[in-house]
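The values are calculated or read from the model by the stated rules, or taken from the named source; none is laboratory data. Predicted model only: the values in this text are computed from it and were never measured. Glycine also receives a Cβ, built like all others from the backbone with ideal geometry; neighbour counts cover every protein chain displayed.
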Amino acid sequence: MENLPSILTPDLGLLFWMLLAFLVVFFCLARFGFPVIIKMVDERKQYIDESLGKAHEASERLAHIKQEGEALLQEAREQQAKIMKEAAMTRDAIVEQAQDKAHEESARLISEAKKQIEIEKQAAIRDIRSQVAELSIQVAEKILQEKLSNDKSQMELIDRLLDEVSKRENKD
């Protein structure tokens with residue numbers, strides 16, 4: 001059984017040829033394969049680094065865009081608040097102007113109405129006075145026609161009227 005090759009202890013010739021085959025394959029790989037593999041790994045590493053850089057840059061841009069968006073949104077809110085405040089002030093001013101105009105117009109209308117009432121009152125008073133004077137004259141005519149049928153009563157009436165007129169002039 002000693003002549004049988006052992007599986008655990010390889011033959012020296014087999015070791016030599018296996019070593020030689022390994023060195024040839026290693027030399028071929030070192031000469032032609034490893035540079036290509038290393039080049040591909042470097043390219044892949046460079047591509048991944050560039051992708052990470054672009055992703056980082058995109059993340060920064062996104063953060064910047066988000067900040068700009070928030071700033072624009074805040075500015076829009078401030079503009080909206082400003083516009084609403086101005087609109088409220090304008091509305092209040094318009095309402096106040098309308099109220100002032102309404103008060104002025106009502107005061108003017110009341111004043112005109114008072115003037116018109118006063119004019120109509122004066123006209124009515126004049127009309128009443130003229131009617132009273134006319135009636136007084138008619139009544140006086142009738143009374144005088146009856147009472148002044150003689151000269152003596154006429155003279156007494158004229159004297160009495162002259163006395164009343166002179167008293168009135170003295171009072172004024």
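A few notes on this one:
- Selection within segment 120-153 - at pLDDT below 80 and of a type in the set (Ser, Thr, Tyr): SER136, SER149, SER153
Rundown of residues vs (1) in a loop (DSSP other than H, G, I, E, B); (2) charged (D, E, K, R); (3) surrounded by 10 or more Cβ atoms within 10 Å (Cβ to Cβ), yes/no style:
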| position | (1), (2), (3) |
| --- | --- |
| THR9 | yes, no, no |
| LEU15 | no, no, yes |
| GLY33 | no, no, yes |
| LEU52 | no, no, yes |
| SER59 | no, no, yes |
| ILE65 | no, no, yes |
| ARG91 | no, yes, yes |
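Rundown of residues vs (1) of a type in the set (S, T, N, Q); (2) within 30 Å of LEU157 (Cβ to Cβ), yes/no style:
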residue	(1), (2)
LEU72	no, no
GLN99	yes, no
SER111	yes, no
LYS115	no, no
ALA133	no, yes
GLU141	no, yes
